[in-house]
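To keep things clear, I will list the structure first and then write my remarks on it.
The values are calculated or read from the model by the stated rules, or taken from the named source; none is laboratory data. Please read these numbers as outputs of a predicted model, since none were measured by experiment. Please note: Cβ atoms are built from the backbone with ideal geometry, for glycine as well, and neighbour counts cover all protein chains shown. These area figures cover heavy atoms from the full protein model, side chains too; ligands, DNA and RNA do not enter into them. Shrake-Rupley method; radii C 1.70, N 1.55, O 1.52, S 1.80 Å.
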Amino acid sequence: MVRQEKEKSTKMTVSDKEIYDYSSPVTPRRAMFETQRKLVKETGRTRTPASDNLMETELGRERYTRSLPMNCPKQCYAMVGLPARGKSYIAHRLARYLNWIGTKSKVFNVGQYRRRLVGVNMTYDYYDPFNTTGAQSRRMVANHVLDTIIEWFKEDADNAVAILDATNTTRDRRDLILERCPPEGIQVMFIESVLDDTFIEERNIREHKLRCPDYQGCDPDDAFNDFSKRIENYKKAYETLCLNLDRELSFIRVSNITQFHINNLIGTVQSKSAYFLMNIRPHTKTTLYLSRHGESQFNELAKIGGDTNLTDNGVRYAKKLGKFLLENNLTDIPVWTSIMKRTIETCSHLPNQNVQRYKCLNEIDAGRCDGLTYKEIEETYPEEFALRDLDKYNYRYPQGESYQDVCCRLEPIIMDLEKQDQVLLICHQAVLRCIVGYFLNLSTDEIPYIKIPLHTVIKITPLAYGCEKEEISFGVESSVTHRDKQTQESIERRLLALDISNGDSSFVGHEEEINGNNEDVVSDRVVMMAS
């Protein structure tokens, strides 16, 4: 009985056996990366065949002809609400978050397309629902944007969420979206933003709307009056989302940023989106100060990882950082740090009393490579060294972490940062790369190569729909720990030299022997790398 259960638990599909062919002298780990390397060479994409678009298979097409699956690979989030209700702000923040967690997203702003197709300087009359010419023009623009969204999904199977940034205030307009998207295999969710605070509405108009191309060169008061009349025209035909008439739809209704009505969400991506929206505060402008710890003893020796103390230069930087906080009246802001010696020692020289330590801010776990220099890793584990360069974001150190793992454990920190006014983070290079990558909306290919120098404060300031980065250096000498991205050609040459398709893995000696007659034996290392 026990034997049968064990055989059942290790049973593999045909595709699994193609990758993990134990009768071959090629180790499972090498076979997995050989599959990925071949895919990169043929398509330029670092994805496994198992994660390809479901629509590319016969089974997938059959499923989509009946109904959309629970975790549909393509989603359209359609914003709903009157102008100046924070829809664009929410759309850009949500797209930034989804991109950061690995769900490729893009905002499609209908106003920008309208300016290209129809022109600028459209007065409030254009938005009158009883203006037949204006209504036809706006519907034409809406159809054009939907065409663009559908084509965007066809361009790349990785494209996952299109955010339609428009008013969509009538059921007729929302029905148009529902008529166009589901037949293309695109799941639709509506996000409505309701705002009753007239003070915030006026501030949004003056700070953001009057700066758009529609009002360039106009008197601010005249522009404000025109935009206010535009809102009144939208109100004439505004039909809000409600359970009585929209019960079958997936939607999130955000009222005054504090109340949420969530209805019929489908799948993981929509649930994650709702989780994010419930944590952001659109009227809170978080200013972040980010810094690595002072130079550590391992930094001086060019070693990665470890838990060592600061060097003399590291202590000098910590003292200058404390002086910087005093001079800029930042002694009352909270300081968040990791639980490692080098960050705690850096904080000990600061005047701030509110210091909070979080294990999730610890440096990326280098596993068996911890305490080695890059040169030692290349000499001892040449294949690991090359594979990390091949896909640095997703590569996981043996018995350690990947950048993707770090982003996962940083998600609660990101949610907390969204609610803060000012925070100083003192942590580590890989961790700060992930955090900076989130706020600057950088891709997963860019995140592992962001330059985060020692003895430098990075200031992140929020803008209308993004953030601005500023570096402040204190002139304290330090080691250089940044390693530039390698070219694809050099990585391919190294992998070819290692003869990855025939040689043995660098870590085979540390694993159990695997042979073609015993499929029950699967090493922990292989399972970890496949996850």
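Between Val118 and Glu239, residue separation times 0.36 nm minus the direct Cα-Cα distance comes to 41.0 nm.
At 1.4 Å probe size, with the rest of the protein present, what percent of the exposed accessible area of the range 226-304 is carbon and sulfur atoms?
Working: 1780 of 3610 Å².
That fraction is 49 percent.
Put a dot 7 Å past the Cα of Gln259, heading toward its Cβ, do the same for Leu301, and the two dots end up 6.1 nm apart.
The convex hull defined by the C-alpha atoms of the range 102-161 has an orientation-averaged projected area of 4.7 nm². A straight chain from Glu327 to Lys106 at 0.36 nm per residue would run longer than the Cα-Cα distance by 75.5 nm. Between Glu489 and Thr461, the FRET efficiency estimated from the beta carbon spacing at R0 = 30 angstrom works out to 0.20. If R0 equals 56 Å, the separation of the Cβ atoms of Leu178 and Glu471 corresponds to a calculated FRET efficiency of about 0.75.
The alpha-carbon atoms of the range 335-480, seen along their principal axes, cover 45, 36, 29 angstrom, with the largest extent given first.
Surface analysis of the range 306-372 yields an accessible area of 48 Å² per residue, using protein heavy atoms and a 1.4 Å probe. Over all projection directions, the Cα-based convex hull of the range 255-391 averages an area of 12.5 nm². Close amide-amide hydrogen proximity is noted between Phe190 and Ala78, Ser250, Phe251, Ile252, each under 5 Å apart and 5 or more residues distant or on a separate chain (H modeled in the peptide plane; Pro and chain starts excluded). For the range 258-301, trypsin sites (Lys or Arg not before Pro) meeting the loop criterion (DSSP other than H, G, I, E, B) and having at most 14 other Cβ atoms within 10 Å: Lys285. What the range 154-224 shows is 46 Å² of accessible area per residue, with the surface traced by a 1.4 Å probe over protein heavy atoms. If R0 is taken as 45 Å, the Cβ-Cβ distance between Arg211 and Lys359 corresponds to a FRET efficiency of 0.55. Spacing of the modelled spin labels on Ile344 and Tyr449, each 7 Å from Cα toward Cβ, amounts to 3.7 nm. For the range 369-432, trypsin sites (Lys or Arg not before Pro) meeting the loop criterion (DSSP other than H, G, I, E, B) and having at most 16 other Cβ atoms within 10 Å: Lys419. Annotation for the range 252-292 versus the range 132-196: alpha-carbon center distance of 21 Å.
Can you tell me the length gained on complete extension of the stretch Arg171 to Glu232, counting 0.36 nm per residue apart and subtracting the Cα distance?
On the way: separation 61, 0.36 × 61 = 21.96 nm, distance 1.79 nm.
Between Arg171 and Glu232, full extension yields an extra 20.2 nm.
Projected label points at Val480 and Glu202, each 7 Å from Cα along the beta carbon direction, are separated by 5.5 nanometres. Please grab the % of Cα pairs in the range 290-352 that end up more than 16 Å from each other. When every Cα pair of the range 290-352 is considered, 42 percent fall beyond 16 Å.
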